[in-house]
Structures are given as C-alpha cells and as structure tokens.
Amino acid sequence: MNEKNSYTRKCVATNQIYPIDELIRFDYDKANNILSLDLKLTKKGRGCYLKNDPNLWTTFYNKKCLNRSFKTNFTSEQYEKIYKELMEAVWQKKQTE
C-alpha cells in the first residue's frame, strides 16, 4: 500500500504524457512578468512542461509553446535566455553523472 505516486504531465511540444521525472518545468510569474526554469519543481504558480530532450527545442521554439501555454507574448530574446539556462542545466547534469 505504500507505493510511490508516479505523476504525469503533458509536454507542450509533443502533446504526449510523460512521467514528471522526464520533464523540465517552466514557471511564469504573471505579476512580475518573470519566466524561469523550475528544475526542482518547487515554485508555485502557472507552469508548463517540456520533455528533457534537446532535439525538441526547435519544435518548442517554432510552435511558440510558451506563448500558447502562458497566454502572453514572449520575445525571441526571452526564448534565447531560457535556452541558455536550459543548456547549462542539462550540461551540469551530464557532467555530474
């Protein structure tokens, strides 16, 4: 009876459902207009998920998934900033493994 819950969420780029361990969460604070990565899944508020696969970034960017998910317009500079943060986070994970 003491089984660990396995939560699932939908990837905004592929529209497929994955376990939350395979996804990266983006958090948006509408009051302060701040978009950020939520790698530890601790931030509160509205969020969206992307599968942890670097090959999906072009699909994610071309479909403007953040605009659709958060119902606001993000500039290409904001997408580039998130991309750099994402690559640093993925690179750090691979280096520690």
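The values are calculated or read from the model by the stated rules, or taken from the named source; none is laboratory data. Predicted model, so just to flag it, every value in this text is computed and none were measured. Ideal geometry is used to build each Cβ from the backbone, glycine not excepted, and the neighbour counts take in all protein chains shown.
Could you tell me which numbered condition Cys11 fails, if it satisfies all but one of (1) modelled with pLDDT of 95 or more; (2) in contact with an Asp or Glu (Cβ under 6 Å, 6 or more places away or on another chain)?
All conditions pass for Cys11, except number (2).
Looking at (1) farther than 13 Å from Asp27 by Cα; (2) in contact with a Phe, Trp or Tyr (Cβ under 8 Å, 6 or more places away or on another chain), can you tell me which one Asn55 breaks?
Of (1) farther than 13 Å from Asp27 by Cα; (2) in contact with a Phe, Trp or Tyr (Cβ under 8 Å, 6 or more places away or on another chain), only one is false for Asn55: (2).
Specify the residue that is nearest to Glu85 (Cα to Cα); the eligible residues are those in segment 1-28 that are touching a residue at least 24 places away in the same chain (Cβ under 8 Å) and basic (Lys, Arg).
As a first pass, look at segment 1-28 and keep what is touching a residue at least 24 places away in the same chain (Cβ under 8 Å): 9-14, 16, 18, 20, 22-26, 28.
From what is left, the residues that are basic (Lys, Arg) are 9-10, 25.
Values: Arg9: 22, Lys10: 21, Arg25: 12 Å.
Looking at residues that are touching a residue at least 24 places away in the same chain (Cβ under 8 Å) and basic (Lys, Arg), I get Arg25.
For segment 74-93, how many residues meet the condition of being among the polar types (S, T, N, Q), modelled with pLDDT of 90 or more and more than 17 Å from Asn32 (Cβ to Cβ)? Even if it seems obvious, please write down each step before you answer.
Here is the first cut: in segment 74-93, the ones among the polar types (S, T, N, Q) are 75-76, 78, 92.
Filter again for modelled with pLDDT of 90 or more, leaving 75-76, 78.
In the following step, the residues that additionally are more than 17 Å from Asn32 (Cβ to Cβ) were identified as 76.
Here the count works out to 1.
Which count do you get for residues in segment 69-88 that are more than 21 Å from Gly45 (Cβ to Cβ) and surrounded by 12 or more Cβ atoms within 10 Å (Cβ to Cβ)? Explain how you work it out, then say what you get.
Going through segment 69-88, the residues more than 21 Å from Gly45 (Cβ to Cβ) turn out to be 76-77, 80, 83-84, 87-88.
Checking the rest, the ones that are also surrounded by 12 or more Cβ atoms within 10 Å (Cβ to Cβ) come to 83, 87.
Total meeting the criteria: 2.
How about segment 29-68: which of its residues are in a helix (DSSP H, G or I), loosely packed, with under 15 Cβ neighbours inside 10 Å and either under 11 Å from the mean Cα position of the chain (by Cα) or in contact (Cβ under 8 Å) with a residue 24 or more places away in the chain (or both)?
Here is the first cut: in segment 29-68, the ones in a helix (DSSP H, G or I) are 54-62, 65-68.
Checking which are loosely packed, with under 15 Cβ neighbours inside 10 Å leaves us with 54-55, 58, 62, 67-68.
Passing the criteria: Pro54, Arg68.
If you check Lys10 against the conditions, is it in a loop (DSSP other than H, G, I, E, B), closer than 22 Å to Tyr79 by Cα and among the charged types (D, E, K, R)? Don't jump to the end; show me each part of the working.
On the way: in a loop (DSSP other than H, G, I, E, B): no; closer than 22 Å to Tyr79 by Cα: yes; among the charged types (D, E, K, R): yes.
Spelling it out, it is not the case that Lys10 is in a loop (DSSP other than H, G, I, E, B), closer than 22 Å to Tyr79 by Cα and among the charged types (D, E, K, R).
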